[in-house]
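Heads up, the thing below is written out as structure tokens.
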Amino acid sequence: MSASSARSVPRSLPRSLGTVLLAILAALTLLPMASSRADGPAEADAPVRLVIATAGLTWDDIDAESTPALQCLADRSGLGAMNTTSTTVVSTKRQGLETLRTGYRGLAEEAPRTSGIPTPPTDQWEQLPVAVAETDYPSEVPEALDDGDLVELVAPSLPDHDDPAREEALTELDGTVAATLEELGGCEAADLPRTLLVSVAATDPEDPEAVERTGAVASRTVGLQVAMDTALPGQALTSGATKQNGVVMVTDVLATILSSHDASAAGLIPGQPFRGVEDADAQQLAWDRSEAGRLVDAATVPALGSWLALGVVGLVIVLVPSLARRPRLAAVGRSLAAIAPLALPVGLCASLVPWWRAESPTLALTGVVWGGSALLSALVLAGPWRRSRFGPVGLSSALIAGIVLLESATGSRLQLSSPLGAQPISGGRFYGLSNHLFGLVLAAALMALLCLFTVVHAQRARVLWTVGAGLAVAGVCIAPSMGADFGSGLATIPAFGLLALLVSGIRLRVWHVLALGAGGAAAVLGVSFLDWLRPPEDRTHLGRFIDELLSGELVAVIVRKLAQNIQMATGYWALALLLVLAVLASIAILMPRRLRWRRLVALDEAHPVAQRVRVALVVGAWVGYAVNDTGPVLVAAMLGIWLAHLPAILPDPERG
């Protein structure tokens, strides 16, 4: 660099941060691979004899005073909050009743081709070794049970929460349950047949077609519903589909019925049988799951946005030349940019504190995010690494990747209904690493390595750090008991493998790239096969992919995932715009000299490894986009991390 440029090049990272990063990496590498999410769940053996189906019933509705029969049944049942989402925004009762029979969410005849729902639908109850009796009248239940039938009692439904008739409908539903139990000897009867009470949908509208088409109902209608199973008294319900205590899916009901009668489905179904986990207060847990899921969306923007706004201020300072030339002000801007993304891992783990029970849940969640982010910020800004421009950013990135991976590796216990975690109301994923979380991990891990390489100059050491970080990330992402994410393995191994080659000094060749892609596919398929060898109720997404492969559905799965990816990009203008910006940004950061991005060029001149890390970043982002069904979200997460952290490590702008 010429003296005339008078640019300040950031000092190298202190070696003390290398020790911290090594400790984080070692902790992730040594995590037990057999961590479980459910504490010894047990499946009941008794055959299901009675299914009481309603709609619109939530855990807010049940208490001893207003619904004594429902409360009595809850006291002698296993309890869970049940996801009932369908192919439409709001599930309806007619959709839920069909799901009980087919095992797939939504109406098969009206579902889009990308949904994966078999058409025409198959009534799986035909596989049962007993006859099925359908009735709306409690008085007919005993006779049908005496005939050895499985009885489906369609009970009254509840209107929307803002409907004045809801209280009357709730009383009617409780009366129907009371009459049914009385016909069977009473709620406390020792010989009560195994009964499932399930609210199969969020609403039962007068015009279901209109609701399924537009979703035009009260916002509170979209929520988790009630599930009870008398064969698992006092326990919290879970299933292999959710792997979360206190949460099940409506598709699990069919699997529970079939399994209880030792029957198998005709073809593949997504659900898994109900299982029970000991819990001190299963009803409180089910209510907590429901309430947190209902409130989290509205509370997320103010809680996270208020802290992330600090990063916006920091970016303005470090990117506006007139402000960045002021040393003290620039230092403040870099600090704000370094700590702003810390709100993301804190938001992921926010359920450590039951914020949804507070009088003002939004304010409580905001307090949790600010408190946790402030603690991490103190660590990032207070250590000896603060003397280097790369230090705070490097440690911040390592904390982001490490916390997200640690949460997944220890059972995904905290992310349910958290601002950044799995949302049980949407029912897309309940455990492991979702695509946005994997995007955070991949982007943060690569940024942490970039900062580390400013002090680690030996090629061999850089290769070892890259391989070690890649193994830790890939191990947690792919392991069935941890991340259980198929697509992340296909992106992680090529990204870190490519970076290892680039920092090793080996001349990159085409066969290297092909070998990395093949290695990623082989690793993921191998782990998927091992997962498939486990019992069906213990399998994750990985093992079920092998089921689909063996069933000849590979092409359909690939087409469905590609269609979902394209639909996200074309159906949401904000995501489409973001993808365009991501493409332009990917091109731009690889050719800063042509675009005359002088500060980025100066960074590359001082630390040539920075460009190699950016190459690995771009490759990981777009491979991840291609192999995942919600690729735009993954790219957005990666872009967000680097948008905050890259400007904070750029050299000072030219003076004069």
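The values are calculated or read from the model by the stated rules, or taken from the named source; none is laboratory data. For clarity, every value in this text was computed on a predicted model and none was experimentally measured. As a convention, Cβ positions derive from the backbone with ideal geometry for all residues, glycine included, and neighbour counts pool all protein chains shown. Ligands, DNA and RNA are excluded from the accessible area calculation, which covers all protein heavy atoms including side chains. Shrake-Rupley method; radii C 1.70, N 1.55, O 1.52, S 1.80 Å.
Please find, within the stretch 25-80, the residue that is farthest from Glu168 (Cα to Cα) out of those that are hydroxyl-bearing (Ser, Thr, Tyr) and either modelled with pLDDT under 80 or surrounded by 16 or more Cβ atoms within 10 Å (Cβ to Cβ) (or both). Walk me through how you get there before you give the answer.
Restricting attention to the stretch 25-80, the residues satisfying the condition of being hydroxyl-bearing (Ser, Thr, Tyr) are 29, 35-36, 54, 58, 66-67, 77.
Filter once more, so that each one left must be either modelled with pLDDT under 80 or surrounded by 16 or more Cβ atoms within 10 Å (Cβ to Cβ) (or both): 29, 35-36, 54, 58, 67, 77.
Values: Thr29: 57, Ser35: 47, Ser36: 43, Thr54: 15, Thr58: 15, Thr67: 11, Ser77: 25 Å.
Within the stretch 25-80, the match that is farthest from Glu168 (Cα to Cα) is Thr29.
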Name the pairs: first residue in the stretch 627-656 and surrounded by fewer than 24 Cβ atoms within 10 Å (Cβ to Cβ), second residue β-branched (Val, Ile, Thr) and outside any helix (DSSP H, G or I), Cβ to Cβ under 6 Å, at least 6 apart or on different chains? Pro651/Val9
Any hit, the stretch 635-651, residues being in contact with a Phe, Trp or Tyr (Cβ under 7 Å, 6 or more places away or on another chain) and under 24 Å from Val513 (Cα atoms): yes
For the stretch 92-114, which positions are over 24 Å from the mean Cα position of the chain (by Cα), aliphatic (A, V, I, L, M) and modelled with pLDDT under 85? Leu107, Ala108
Subset of the stretch 150-178, residues under 18 Å from Val200 (Cβ atoms), under 34 Å from the mean Cα position of the chain (by Cα) and not in a helix (DSSP H, G or I), comes to Glu152, Val154, Ala155, Pro156, Ser157, Leu158, Pro159, Asp160, His161
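In the stretch 301-309, is there at least one residue being under 26 Å from the mean Cα position of the chain (by Cα) and more than 23 Å from Ala422 (Cα to Cα)? Lay out the reasoning, then the answer.
Pass one, the stretch 301-309, residues under 26 Å from the mean Cα position of the chain (by Cα): 301-309.
Okay, now just the ones that are also more than 23 Å from Ala422 (Cα to Cα), so 309.
Checked the stretch 301-309: at least one residue is under 26 Å from the mean Cα position of the chain (by Cα) and more than 23 Å from Ala422 (Cα to Cα).
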Mind listing whichever residues of the stretch 522-544 are closer than 15 Å to Arg429 by Cα and charged (D, E, K, R)? Arg539, Arg544
All positions within the stretch 122-149 that are surrounded by 18 or more Cβ atoms within 10 Å (Cβ to Cβ) and under 36 Å from the mean Cα position of the chain (by Cα): Thr122, Gln124, Trp125, Leu128
Val296: open to solvent by 10 Å² or more (accessible area, probe 1.4 Å) and assigned to a helix (DSSP H, G or I), yes or no? no
Which of (1) under 15 Å from Gly624 (Cα atoms); (2) not in a helix (DSSP H, G or I) does Ile506 not meet, given it meets every other one? (1)
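Conditions (1) of a type in the set (S, T, N, Q); (2) at pLDDT 90 or above; (3) within 23 Å of Ser408 (Cα to Cα); (4) part of a helix (DSSP H, G or I), marked per residue:
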{"residue": "Gly314", "(1), (2), (3), (4)": "no, yes, no, yes"}
{"residue": "Val369", "(1), (2), (3), (4)": "no, yes, yes, yes"}
{"residue": "Ala374", "(1), (2), (3), (4)": "no, yes, yes, yes"}
{"residue": "Trp385", "(1), (2), (3), (4)": "no, no, no, yes"}
{"residue": "Leu395", "(1), (2), (3), (4)": "no, yes, yes, yes"}
Among the residues of the stretch 549-574 satisfying the criterion of being surrounded by 12 or more Cβ atoms within 10 Å (Cβ to Cβ) and more than 22 Å from Tyr625 (Cβ to Cβ), which is modelled with the lowest pLDDT? Glu553
Take the residues of the stretch 400-416 that are aliphatic (A, V, I, L, M) and buried (at least 23 other Cβ atoms within 10 Å of the Cβ): which is farthest from Leu365 (Cα to Cα)? Ala409
Scan of the stretch 417-439 for residues that are of a type outside the set (Gly, Ala, Ser) and open to solvent by less than 10 Å² (accessible area, probe 1.4 Å), ordered by number: Pro424, Phe430, Tyr431, Leu433, Leu437, Phe438
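Based on what the data block shows, is Pro480 under 27 Å from Gly432 (Cα atoms), in a loop (DSSP other than H, G, I, E, B) and open to solvent by 10 Å² or more (accessible area, probe 1.4 Å)?
yes
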Just one of (1) surrounded by 15 or more Cβ atoms within 10 Å (Cβ to Cβ); (2) more than 20 Å from Leu258 (Cβ to Cβ) trips up Ala190, so point out which. (1)
Report yes if some residue within the stretch 456-470 is crowded, with 24+ Cβ neighbours inside 10 Å, touching an Asp or Glu at 6+ places or on another chain (Cβ under 9 Å), in contact (Cβ under 8 Å) with a residue 40 or more places away in the chain and part of a helix (DSSP H, G or I); otherwise report no. no
Selection from the stretch 522-548 of residues over 20 Å from the mean Cα position of the chain (by Cα), modelled with pLDDT of 75 or more and assigned to a helix (DSSP H, G or I) yields Ala522, Ala523, Leu525, Gly526, Val527, Phe529, Leu530, Trp532, Ile546
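Could you list, in sequence order, the residues of the stretch 334-369 that are under 30 Å from Pro321 (Cα atoms) and open to solvent by less than 20 Å² (accessible area, probe 1.4 Å)?
The first filter runs over the stretch 334-369 and keeps only residues under 30 Å from Pro321 (Cα atoms), leaving 334-344.
Residues satisfying the conditions are Ala337, Ala338, Ile339, Ala340, Pro341, Leu342, Ala343.
Which residues, counting only those in the stretch 86-107, are of a type in the set (A, V, I, L, M, F, W, C), open to solvent by less than 30 Å² (accessible area, probe 1.4 Å) and in a loop (DSSP other than H, G, I, E, B)?
Val90, Leu107, listed by residue number.
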